1. Say we look at segment 62-76 and pick out the residues that are surrounded by 11 or more Cβ atoms within 10 Å (Cβ to Cβ) and assigned to a loop (DSSP other than H, G, I, E, B); which of these is modelled with the lowest pLDDT?
2. Check VAL57, VAL86 and return the single one that is among the β-branched types (Val, Ile, Thr) and part of a loop (DSSP other than H, G, I, E, B).
3. Is it the case that MET6 is in contact with a Lys or Arg (Cβ under 8 Å, 6 or more places away or on another chain) and among the hydrophobic types (A, V, I, L, M, F, W, C)?
4. How many residues are in a strand (DSSP E or B), among the hydrophobic types (A, V, I, L, M, F, W, C) and surrounded by fewer than 17 Cβ atoms within 10 Å (Cβ to Cβ) when one looks only at segment 27-46?
5. Which residues, counting only those in segment 1-35, are small (Gly, Ala, Ser) and closer than 19 Å to GLY75 by Cβ?
6. Say whether the condition of being touching a helix residue (DSSP H, G or I) at 6+ places or on another chain (Cβ under 7 Å), on the phi > 0 side of the Ramachandran plot and in contact (Cβ under 8 Å) with a residue 40 or more places away in the chain is met by at least one residue in segment 55-67.
7. Hey, among LYS95, LYS79, which residue is outside any strand (DSSP E or B) and surrounded by fewer than 12 Cβ atoms within 10 Å (Cβ to Cβ)?
8. Within the bounds of segment 3-26, is there any residue that is closer than 28 Å to LEU84 by Cα, assigned to a loop (DSSP other than H, G, I, E, B) and among the polar types (S, T, N, Q)?
Amino acid sequence: MIKVLMERDLPANFDVTDDAQAAWHARFALDAVIASEGKMHWLCTYATDDRKLFGLVVVENEGVIDEFVRDAGIGGALKIHRVLRVLDPSLAAPKVQPKNS
C-alpha cells in the first residue's frame, strides 16, 4: 500500500463551509472508497482557501485512483503526489545542550 495526496480544484458550486454540502460530498467519496473493496483507504481531505482539495489516501496501487475518480464522479484535472514520508513532531531530534553552558 502506498500513501498518495490527490490534488484538485474545488468544484465551482461546492461551498465547503456548508455542513450539508460537505456531508454530501463526503458521501460520494466514501461510497467510491467502499466500492474499491479494500484497495483504498481515505484518511482525510483538506479544503484550502484557494479553492483546492487535497485528499490523503492509502491505495494498493495508483491505478486504484482511476476507479475512485470514476466511481466518485470527479471531473477536472487531478494531480497525484506520492507521499515519500510523513514529517511530524514525533520525528524531532532531542535538543542538544550547547557545550559551553
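1. ILE74
2. The unique qualifying residue is VAL86.
3. Against the criterion (in contact with a Lys or Arg (Cβ under 8 Å, 6 or more places away or on another chain) and among the hydrophobic types (A, V, I, L, M, F, W, C)), MET6 qualifies.
4. 2
5. ALA12, ALA22, ALA26, ALA29, ALA32, ALA35
6. no
7. One residue alone meets the criteria, LYS95.
8. For segment 3-26, residues closer than 28 Å to LEU84 by Cα, assigned to a loop (DSSP other than H, G, I, E, B) and among the polar types (S, T, N, Q): absent.
The values are calculated or read from the model by the stated rules, or taken from the named source; none is laboratory data. If you're wondering where the values come from, they're calculated on a predicted model, not measured in any experiment. Cβ coordinates were reconstructed from backbone atoms using ideal geometry, including for glycine residues, and neighbour counts include every protein chain displayed.
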